[in-house]
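Just below is one structure, and these are the notes that go with it.
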Amino acid sequence: MNCSKLEKIIFEEGANLITINNSVFKNCSNLKNISFKNQKNLITIANDAFEGCSNLEMISFCGSIKLESISILSTIKYIDDYGFYNCSKLETIWIPSLVES
């Protein structure tokens, strides 16, 4: 939280994430890219985990096979080509009306 110099987060395979908690990256104002590579146990990302990340542009969830739903931030400009590849339990993606398709 409040890490103003943080620009990129990569959760490599083997990180064994299950939950990204409330406000964990809140107000990381220079955060631009987040990658969850093959996080096979990732189930939950709290609604406000990335609140105030006003420069967040790219996010990828490739291989997060237990992830069930995602709310996309209005600041997201790009989702990696295979951003949701192998997310076999993903049922819901909420995209705010401000995001261009």
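What the table shows:
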| read-out | value |
| --- | --- |
| Under 18 Å from Lys89, Cα to Cα: aspartates and glutamates that are on another chain or at least 8 residues apart | Glu68 |
| Distant-in-sequence amide H partners of Leu6 (H built 1.01 Å from N, under 5 Å) | Asn30 |
| For the chain, radius of gyration divided by Kirkwood radius, i.e. Rg to Rh on alpha-carbons | 0.93 |
| Close Lys-Lys pairs in the stretch 1-53, where close means Cα under 16 Å and separation is 8 or more or interchain | 5 |
| Rounded to whole Hz, the Karplus (6.51, -1.76, 1.60) HN-Hα couplings of the stretch 82-92, x for glycine and proline | 10, x, 10, 4, 6, 8, 5, 9, 5, 10, 9 |
| Summed residue charge, Cβ within 10 Å of Asn22's Cβ, Lys/Arg positive, Asp/Glu negative | -1 |
| Backbone HN-Hα couplings from phi across the stretch 53-61 [Karplus 6.51/-1.76/1.60, Hz, Gly and Pro as x] | 8, 5, 10, 5, 10, 9, 9, 9, 10 |
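The numbers here are math on the coordinates, done by the rules we state, and not lab data. Just so we're clear, the structure is a prediction, and the values are computed from it rather than from any experiment. Every residue, glycine among them, receives a Cβ derived from its backbone with ideal geometry; neighbour counts consider all protein chains shown.
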